[in-house]
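What follows is a single structure, written as structure tokens, with notes after it.
Read-outs throughout are calculated quantities, based only on the coordinates presented, and are distinct from any laboratory measurement. If you're wondering where the values come from, they're calculated on a predicted model, not measured in any experiment. Glycine gets a Cβ as well: all are built from the backbone with ideal geometry, and neighbour counts include every protein chain shown.
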């Protein structure tokens, strides 16, 4: 597992990699273990020095930190800051880390005390408004998706190791869905955010006849107004669109802004 | 020999989520033995309030990254029970097959990647790839089979895409099922080799009598819906789950805890097996006996063995299910759904034990109340009392700090806890 690697004859360093999780289902990390067919090759590419879910050994310095989950408690800000300090490259892994993910649905309720009471009654529990990583630290790279697509992560990690620029598709899921020769879900009576959601998942849900819920956030120049019109033509309630737009937090800048204003699409929140 | 020892495990490794173990023994007397759950809560039950029913399985499946299929199925069952929908026999069979493949995937992940390193003296599965390549390859083969089957049936191994209220968005091709059947048959030698491997492991000699709670099967080993039972003789209906779980909050846990007839009870593979041993596939039962597991077994470390026995059961039962499906033409994948005011419970045996989802809907089909009771949250109190008993047992026998620490870690791992799930 430790033979020297090279790419086009140039020797490559095996970067030290750490995996970390804040508030999440830890599914994105597990997606990496779900790489049975290529797992051992993947492990050859990097040196995993921190992966609490999979190994007992731990280290405090690493080249790349993959952070899954969103920030929902104060102590997570400190952990995240520490990880940022130790890492050369910090990667937001999955939609919770990139946008807040399903966790940020909690933010629909202004009254955090009601939220706590609804679940825990009078028992005191600490929580705060849900934030993506970029609200607290600089994020060098975002890997979108709930869950992340393992093939995409492998490609991105390979790009990082060989020093290539990592690029995300700018076009929407709709393009990939068409390329997969699927029947349009609108014609099957199924609402779908495919026309506005960033591609890269190879139309994972829509190829399984499940409408897109927008887990990867907006494509460049996503046209929400047009989507609303299409959905209206097909007779879908506005509520269905809003349910999906708010599900993972990727479209927060759209749903918060007035739908009349034609704002340029910011892919994610500003770095602080 | 009287001993003193300090064990402080902060964020235990090789488990899902964040938990701490603290043991303090002074001159042979246990001063402190604690299992703490420090995971951040995500408030799924609050998130759902006001949401249209269609959101429930989609969002709640995301409670867990390992058993998302189980959560999705429990959620779907709760919605269907609330709306008075009975799944078609085809849907029921496909769901069970999907459930079986998740059980196999999750158990293999736990047995080989999380538990086995302790028994083979390694910190993780990574060095085992070098020292025991055939073991790691076998684990990967079994896991790949299970995950491929989940992809084919559920659309995706994690956070499934095809599973919806009323059935499936689309069905697998029969040719794909035939291939899965062949691979299932071919996996039997791998499972037997797994049994041989686990036979060589020294299971720690520790027992503490407790109550075991699970679904009760009538004619088959239970996974989806049905009556609830405990080894102390409690019998309840599915919709009486609250009387079976009695959730409460306590200091040191961001997860809720449960109790029934005693101060704690256990759920999971060992509980299922203890309550339903005679319903296991005969081959699985033979392997259980071969590995020294006969009900009622009170050694929590035997949960590992129970999971392995269940792997054999689900593989052989999946072959049966596929044979039935291949023997008749596909029917409609999905039935129409009519929302109505009401409430429903879905109880499903997920890899770590019995899981309950409950929803209440208004007349528009919007969630007014949600409740999810997670297997690991039901196990936390039992883990805590096991650690106390373990500490006092070994305080008397004079083990080293590191030995006690490892035994405590292995104990928690044996429950295969899904901590972020338990807090949700």
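Odds and ends about this structure:
- GNM result for chain B, Cα springs below 10 Å: residue of B:219, B:376, B:13 fluctuating most strongly: B:219
- Across the alpha-carbon set of the range B:211-275, the Rg to Rh ratio works out to 0.99, Rh being the Kirkwood radius.
- Shape category assigned to the range A:108-206 from the gyration tensor of Cα positions, a/c cut at 1.5: oblate
- Å³ per residue enclosed by the Cα convex hull of the range A:1-150: 129 Å³
- Computed over the range B:28-113: relative contact order in percent, which uses C-alpha pairs under 8 Å that are six or more apart: 20 percent
- Helix A:74-86 vs. chain A, principal-axis angle (Cα, 0 to 90°, nearest 10): 50 degrees
- For the range A:119-269: rounded, prolate or oblate by the Cα gyration tensor [a/c cutoff 1.5]: oblate
- Counting every alpha-carbon pair across the range B:31-157, the share separated by more than 24 Å comes to 48%.
- Between helix B:375-397 and chain B: long-axis angle, C-alpha atoms, 0 to 90°, nearest 10: 20 degrees
- Compactness of the range A:108-155, expressed as Rg and Dmax over alpha-carbon positions, Å: 16.5, 47
- Distance from the range B:328-373 to the range B:159-224 (C-alpha centre basis), Å: 22 Å
- Per-bin percent of Cα-Cα distances, the range B:153-312 [10 Å]: 9, 28, 32, 24, 6, 0
- If the convex hull is drawn through the Cα atoms of the range B:110-248, its volume per residue in Å³: 203 Å³
- Helix axis angle, B:89-108 relative to chain B longest principal axis, alpha carbon, degrees: 20 degrees
- For the range B:379-424, the percent of C-alpha pairs falling in each 10 Å distance bin, counted from 0 to the bin holding the largest distance, reads 26, 50, 20, 5.
- Ranked B:153, B:383, criterion: other C-beta atoms within 10 Å, fewest first: B:383, B:153
- Residues B:311, A:184, A:212 in ascending order of nearby Cβ atoms (within 10 Å, fewest first): A:184, A:212, B:311.
- Residue order, fewest to most beta carbons within 10 Å, for A:204, B:35: A:204, B:35
- Equivalent-ellipsoid semi-axes of chain A, from the Cα gyration tensor, Å, largest first: 32, 25, 16
- The range A:150-193 versus the range B:35-80: alpha-carbon centroid distance in Å: 26 Å
- Comparing mean-square fluctuations of B:239, B:55, B:274 from a GNM of chain B with C-alpha springs under 10 Å, the top value falls on B:55.
- Tensor-based shape of chain B (alpha-carbon gyration tensor, a/c under 1.5 rounded, otherwise prolate or oblate): oblate
- Unit Cα scatterers, Debye sum, the protein assembly as shown: log10 I(q)/I(0) for q = 0.12 Å⁻¹: -1.43
- Residue-averaged 222 nm ellipticity for chain B, from DSSP H runs of 4+ at -39500 (n - 2.57), nearest 500: -14500 deg cm²/dmol
- Stokes-Einstein diffusion of the range B:249-364 at 10 °C, 1.306 mPa s viscosity, Kirkwood radius from Cα pairs, rounded to a whole number: 90 µm²/s.
- Measure of compaction for the range B:32-75 (Cα Rg per 2.2 N^0.38 Å): 1.46
- Summed over qualifying helices (DSSP H, 4 residues or more, each -39500 (n - 2.57)) and divided by its residue number, chain A shows a 222 nm mean residue ellipticity of -8500 deg cm²/dmol.
- DSSP beta bridges confined to the protein assembly as shown are antiparallel in about 70 percent of cases.
- Expressed as a fraction of 2.2 N^0.38 Å, the C-alpha radius of gyration for the range B:196-243 is 1.60.
- Euclidean distance of C-alpha centroids, the range B:129-146 and the range B:227-246, integer Å: 38 Å
- Peptide A:35-47 has a mean shielding of 3, counted as Cβ atoms of other protein chains within 10 Å of each residue's Cβ.
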